[in-house]
Amino acid sequence: MAAIVICTVNARCLPVLIASITFYLPSDVTIYISGSNLKCPKHKTVNFSNQSTNFGDAYNYAVKEAFQDHQEVVIANDDIVLTPDSWQYLMEDVEKLRSTSLGWVASRSDYARGRQNIRYTDKILNNYLRYPWENEVIEESVIAPIFAWISRRAWIDFPPINWFSDDIQCLEMRSNGLKHYISRAYVHHVGSQTCGMDYQKCVQESRLWIEKHRPDLAPLWFNNSPKVEEKVNILTPTERENKTLMGVEEKINISSSTPEDQKIPTLKGGELLENKTAEQWYQLGVTMANIGQSDQAKIAYQKALNLNPKYAQAYNSLGLLAIADENIDEAIEYFKSAIRVNPSYAYGYNNIGLALQMQNKLPEAQLYLQQALQQNPIYHEALVNLGNVLRLQDHIEEAIKCFERSIELKPDYAKAYQCLGSALSPLLHQNKISVEELRNVYLKLQSLDPNSLEAFTRLFCLREGTCDWTNRESDLKTLWRVSQQEIEQKKITTMPVFESVYKPWTRQQLKQIAMSHGQDFESQWRKKRLECNFQHSPILKGKLRIGYLSHDFRDHATSHLMQTLFNHHDQTNFEIFAYSSGVNDQSSYRQHIMASVDQFRDIAKLDYEESAKLIYEDGINILVDLNGYTHGSRTAILALRSAPIQVNYLGFPGTMGAPFMDYLISDRIITPPEFAEDFTEKLVLLPHCYQVNDNQQVIADTPITREQYNLPESAFVFCSFNNKYKIEPVVFDMWMNILKEVENSVLWLLVGDKTTQGNLQREATIRGVDAQRLIFCGYVPKAEHLARHRLADLFIDTLYCNAHTTASDCLWAGLPLITWQGETFATRVASSLLTAIGLPELITTNLEDYQKLAITLARSSRKLQAIKKKLAKNRLTYPLFDTPVFTRHLEKAYQKMWDIYEQQKPPEMIEIDRTS
């Protein structure tokens with residue numbers, strides 16, 4: 001049972017509150033009263049005094065006293081009066097909400113300075129909701145805890161100030177993932193605490209404290225520090241009591257036009273609304289927006305514009321509200337109005353740029369952001385926004401300069417460091433910067449914001465990508481705990497989806513992370529999808545039109561695998577479109593694909609909506625996304641539903657968790673039917689390996705030697721050309737055990753940077769292996785890379801994310817591969833590849849067998865040669881590299897998808913048999 005905590009200064013209204021407690025509360029509720037010796041006649045009462053000089057500290061002390069004996073308390077202002085149902089409704093609503101991450105659950109009330117925790121229900125203020133009865137429990141960002149429930153687990157201290165301490169506490173709790181709710185409960189709020197106090201002094205002290213200790217919140221609650229006298233209008237005790245207890249029928253009327261015969265009531269101590277200036281209307285709009293009353297804020301801003309049509313800030317604020325309502329086009333028009341009336345208004349240019357970026361209109365966004373900086377060259381936020389737009393256009397060097405300049409202007413601007421880290425990351429992968437340079441950026445971000453999940457996650461991924469396994473196990477637990485909390489709170493996870501697939505997590509965990517991102521795309525683009533209103537017909541007109549959407553029609557693993565697929569599509573029954581959102585690298589891969597498809601569309605400079613409309617107008621029946629959650633993806637195009645059937649294939653090894661994706665193409669080994677519930681898409685199971693492969697890849701015929709790659713001539717060479725981020729302690733333990741068991745053996749790894757090399761050498765030494773037995777190499781052109789496989793004896797795979805394209809390269813080059821088959825998509829791909837080439841004996845399902853098989857083959861040249869001969873024989877006779885047969889099976893899957901849609905049935909699992 002929750003206790004009640006009351007703090008009082010002059011106890012003027014406390015007897016009335018005690019009387020209502022006596023009448024309406026169960027007798028087993030304990031009452032804690034600070035600052036008075038009054039007792040509740042029917043309830044256990046604990047009285048104590050404290051020397052606190054402000055609201056915040058007084059309640060911090062009192063609540064902690066109560067928490068010594070109670071897990072939950074209800075804070076009650078000393079100047080409220082309970083109604084018969086106050087306690088019942090509050091407790092009932094708390095019980096209903098316990099499964100959520102609860103912060104405050106607060107009652108509604110009437111109040112002399114406005115109604116607290118009571119929301120407007122109409123589009124205008126004319127019909128301000130009358131208290132006390134509402135039937136819904138409502139979530140809010142900030143509440144007034146005049147009669148409010150809180151648990152010991154959720155509690156954090158109020159700031160030590162009199163005014164706005166509850167607002168700041170609410171925001172702090174929200175940042176911790178807690179949610180605040182307004183209950184159906186209702187209390188009268190008489191308002192004694194400010195009577196006779198120096199109200200202006202209280203507000204001034206509070207403002208100074210917030211500006212000093214919480215400058216991030218100061219603009220929100222004080223609107224850039226307006227003069228105190230503009231905010232303070234004192235009501236006498238008589239006025240206050242009359243207004244709250246007797247003013248039930250009062251309404252506040254604010255509308256775009258007020259009838260002359262309608263009396264406009266007073267706001268704040270006698271100041272008539274009709275006499276307000278444009279500035280005062282604007283300030284009222286800011287206030288209404290801050291408490292979540294956006295419709296009323298719009299009215300106030302429009303009133304300001306009626307009085308001052310050149311009020312740029314009002315247009316800008318209307319634009320921000322339109323952004324919140326997901327009306328991007330409307331927002332842009334408001335921002336443009338702001339710069340039209342004030343051409344030097346930098347904020348307007350900046351916000352247009354941000355809105356255009358949201359629509360992926362990047363070149364246009366760039367122009368506006370540059371104009372913002374012309375108006376204000378030291379506008380550090382605009383520099384960051386411009387940097388992001390440049391980065392998204394792959395102008396990395398220019399983007400970095402923007403972020404660095406922003407940091408020069410404001411060294412404590414955390415967002416600039418976050419964005420700088422994102423820009424530097426690809427340069428690290430290209431070995432153009434050092435690991436230390438990127439690490440220092442994220443360490444600085446962490447120092448500015450010790451609670452930054454972004455910094456924690458990025459630092460973990462950076463360590464992971466350089467094989468620095470310091471605190472790995474505890475950090476992995478933290479990452480999942482944080483992700484789980486975000487999922488429970490229906491937030492998008494800080495952990496990127498792609499980075500999650502090579503963590504040692506279950507299919508269910510990976511699905512939850514993907515769904516947080518998929519649902520975010522769905523909600524973000526739902527409104528625009530309805531506006532686009534693409535109407536799809538189940539009647540096929542002509543050939544079945546297949547659209548392939550990718551950022552990677554270039555020298556990239558995706559094109560390496562599938563470039564010849566386009567040559568083999570049946571042109572009689574299928575028409576093939578390629579939609580390229582990436583750069584034209586002029587590579588042979590891009591040129592080949594452009595020449596092989598019926599229509600090649602370069603959509604790199606189109607925004608999401610323009611791209612979706614193009615796909616729709618092309619009449620695409622099935623849109624195949626080749627990116628998923630990998631770099632450069634255009635998931636928003638899919639969220640707009642530009643095609644009636646949308647498919648997740650190849651680029652991302654897992655579910656997208658998105659309701660707008662219908663199918664995932666896989667096979668029975670990677671995703672057997674019993675795995676279906678762990679994917680939001682319906683599975684399409686091909687008869688052999690799901691991964692298309694190019695049977696025309698060129699292997700360089702230039703002679704190569706072990707000496708060229710620093711490999712010992714007589715040693716047994718194990719190799720693993722997987723990306724370094726896939727190497728983790730469990731597999732490395734096995735690799736070192738294998739080296740210990742196989743004399744004169746080395747491990748050849750595709751690791752080009754010195755930091756990762758040093759970390760792996762250190763880990764080898766810790767495990768008792770000479771660090772010189774690790775041999776490193778860098779990236780070379782594809783044909784040469786395929787050729788150098790012949791210098792190795794056996795490929796040993798990584799665990800939590802197998803070799804995918806890397807395994808295909810290995811097998812095409814004639815090098816046997818040992819893998820471990822796990823329980824997630826990414827841990828079973830190599831098993832599928834090996835099965836499709838007739839080498840299932842190289843698949844293991846436990847770590848002991850993995851080690852034994854590697855050691856056995858290394859020690860027995862006869863067994864290894866037999867495997868190599870079998871691989872050479874099967875390479876061109878088994879399904880894995882039979883691209884024409886693979887294409888027929890894929891087309892059969894497309895046809896079945898369409899048949900289901902044509903019958904106007906929902907997507908269902910599809911299995912393609914080998915005879916199709």
For this session: Can you work out which of the residues in segment 37-65 that are at pLDDT below 85 and in contact with a helix residue (DSSP H, G or I) (Cβ under 7 Å, 6 or more places away or on another chain) is least open to solvent (accessible area, probe 1.4 Å)?
Result: 56
For this session: Under 8 Å between Cβ atoms, at least 6 apart or on separate chains: pull out the pairs that start in segment 797-815 with a residue that is not assigned by the TED database to the domain that holds residue 853 and end on any residue that is modelled with pLDDT of 95 or more and surrounded by fewer than 24 Cβ atoms within 10 Å (Cβ to Cβ).
Result: none
Problem set entry | In segment 352-377, residue least open to solvent (accessible area, probe 1.4 Å) [restricted to those that are outside any helix (DSSP H, G or I) and free of Cβ contacts under 8 Å to residues at least 60 places away in the same chain] | 376
For this session: Could you please let me know if residue 516 is open to solvent by less than 20 Å² (accessible area, probe 1.4 Å), within 22 Å of the chain's Cα centre (by Cα), farther than 30 Å from residue 698 by Cβ and touching a residue at least 40 places away in the same chain (Cβ under 8 Å)?
Result: yes
Exercise. Any chance segment 313-323 includes a residue that's open to solvent by 20 Å² or more (accessible area, probe 1.4 Å) and assigned to a loop (DSSP other than H, G, I, E, B)?
Worked result: no
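Residue-wise test of (1) buried (at least 20 other Cβ atoms within 10 Å of the Cβ); (2) in contact (Cβ under 8 Å) with a residue 60 or more places away in the chain.
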| residue | (1), (2) |
| --- | --- |
| 724 | yes, yes |
| 729 | no, yes |
| 734 | no, yes |
| 743 | no, no |
| 752 | no, yes |
| 762 | no, no |
| 767 | no, no |
For this session: All but one of (1) under 24 Å from the mean Cα position of the chain (by Cα); (2) closer than 29 Å to residue 804 by Cα; (3) open to solvent by 60 Å² or more (accessible area, probe 1.4 Å) hold for residue 521, so report the exception by its number.
Result: (3)
Exercise. Quick check, is residue 871 within 17 Å of residue 793 (Cβ to Cβ) and in a helix (DSSP H, G or I)?
Worked result: yes
Exercise. What do you reckon, is residue 286 part of a helix (DSSP H, G or I), under 30 Å from residue 420 (Cβ atoms) and in the same structural domain as residue 419 (by the TED database)?
Worked result: no
Problem set entry | Cross-chain or 6+ apart pairs with Cβ under 7 Å, segment 316-340 first and on the phi > 0 side of the Ramachandran plot, then in a helix (DSSP H, G or I) and open to solvent by 20 Å² or more (accessible area, probe 1.4 Å) | 326/527
For this session: For residue 837, work out the one condition from (1) aliphatic (A, V, I, L, M); (2) farther than 19 Å from residue 864 by Cβ; (3) surrounded by 18 or more Cβ atoms within 10 Å (Cβ to Cβ) it doesn't fulfil.
Result: (2)
For this session: Could you list, in sequence order, all residues of segment 437-481 that are open to solvent by 20 Å² or more (accessible area, probe 1.4 Å), of a type in the set (Gly, Ala, Ser) and not in a helix (DSSP H, G or I)?
Result: none
For this session: Being open to solvent by 50 Å² or more (accessible area, probe 1.4 Å), of a type in the set (S, T, N, Q) and touching a residue at least 24 places away in the same chain (Cβ under 8 Å) is the filter here, so list the residues in segment 882-916 that pass it.
Result: 895, 903, 904, 916
Problem set entry | Residues of segment 329-351 satisfying the condition of being β-branched (Val, Ile, Thr) and surrounded by fewer than 19 Cβ atoms within 10 Å (Cβ to Cβ) | 341
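Results for (1) touching a Cys at 6+ places or on another chain (Cβ under 6 Å); (2) in the same structural domain as residue 430 (by the TED database); (3) open to solvent by 10 Å² or more (accessible area, probe 1.4 Å); (4) not in a helix (DSSP H, G or I), shown as yes or no for each residue.
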position	(1), (2), (3), (4)
383	yes, yes, yes, no
400	no, yes, yes, no
403	yes, yes, no, no
408	no, yes, yes, no
415	no, yes, yes, no
Exercise. How many residues are closer than 21 Å to residue 840 by Cβ and not aliphatic (A, V, I, L, M) when one looks only at segment 680-694?
Worked result: 6
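The values are calculated or read from the model by the stated rules, or taken from the named source; none is laboratory data. Nothing here was measured: the structure is a model prediction, and the numbers come from that model. Don't worry about glycine lacking a Cβ; one is built from the backbone with ideal geometry, like all the others, and counts go over all protein chains shown. In case anyone asks, the SASA skips ligands and DNA or RNA and just uses the protein heavy atoms, side chains included. Shrake-Rupley method; radii C 1.70, N 1.55, O 1.52, S 1.80 Å.
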